[in-house]
Each structure stands twice: as structure tokens, then as C-alpha cells.
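Only one structure is covered here, and it is reproduced in the block below.
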Amino acid sequence: MTHSNNEQNVKEIAAAFVRAWNVHDMDALADLFAKDADFVNVLGMRMRGREEIRQIHMRVHRTVFKDSTLNENSTSVKFLNPDVAVAHMSWTLTGHLTPEMKPGPQRDGILSFVAKSDGNNWMIHAAQNTDTIPMGTIIPQD
């Protein structure tokens, strides 16, 4: 498999994550992760293993994310080895609720993940999701 095919396969993981999120299919979302994967969400909550990733995402997609829409803005891929890649997907989220169950403002962030190929399939082994804020919000601009 060529490098460009591998890059496309890793980018497809990001696209599949967005598709699963938007139809609220947390089985499909969890299936993107290796059985022993780690996922850290935007709140710093660490989920260990595909089943915990599935269960926690199912819970929040029944409540605060039940009507949310995730959009992929861009995804970059860097290969550490031919079968290991780091990806960064910038995203925008709308339609979610606050913890008080009120409509939340648009959120922007980055999903970073490490994907590994077993020769046939690419899977996420570790991921961290982070909300982003405009540069001048806490770091003064010159």
C-alpha cells in the first residue's frame, strides 16, 4: 500500500468518526478504536478501552449531544512509521446542550489520535479531544 493510500485510510477514520457522531451511532464510533484504546475527552475524562468509550459516548449522545452536529474542518496526518500515524482533525460542533440542558454556543476543537494498521485495517489506539479558544482569549496578542 502506498503512502498516499495510507494517508487516505487515516483521514477516513476522521471522516467515519464525524459520520458516526452525526447519526449518533456510538457502536460505529467505538468500532474505530482498538479494543484497548485510550480516549481523553474535552473535559479531561480518560476512557480506557473500546467498551468504556462506547458506553460513555452512548450516555452523552442520549442527552447533551443528542441533536449535535460535528463538522470536520481539516485533517492532517503525520507518519511515525509506515503503519503508525498521528492525525489532527479540526472540528466545529453545533446543536449541543450545556450541562443545564440549554442550547450551547458553537464549539471548535481538535481531535488528535494515533492510528495503527494491522496490515488490513487502521484503528485508533489513543485519542485526545480538545476544545480550542481564540488566541487573544487567554494569551495576549502583540
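Numbers at a glance
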{"read-out": "Any pair with Cβ under 7 angstrom, 6 or more apart, that starts in the stretch 48-72 at a residue that is buried (at least 17 other Cβ atoms within 10 Å of the Cβ) and ends at one that is assigned to a loop (DSSP other than H, G, I, E, B)", "value": "H61/H24; F65/H96; S68/G95; S68/H96"}
{"read-out": "Test for V86: is it within 16 Å of Q128 (Cβ to Cβ), among the β-branched types (V, I, T), surrounded by fewer than 16 Cβ atoms within 10 Å (Cβ to Cβ) and modelled with pLDDT under 95", "value": "no"}
{"read-out": "Residue list for the stretch 108-142, filter: at pLDDT 95 or above and either farther than 19 Å from S76 by Cα or of a type in the set (K, R) (or both)", "value": "K116"}
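The values are calculated or read from the model by the stated rules, or taken from the named source; none is laboratory data. These numbers come from a predicted model, not from an experiment. Here Cβ is always computed from backbone atoms with ideal geometry, including for glycine, and neighbour counts include all displayed protein chains.
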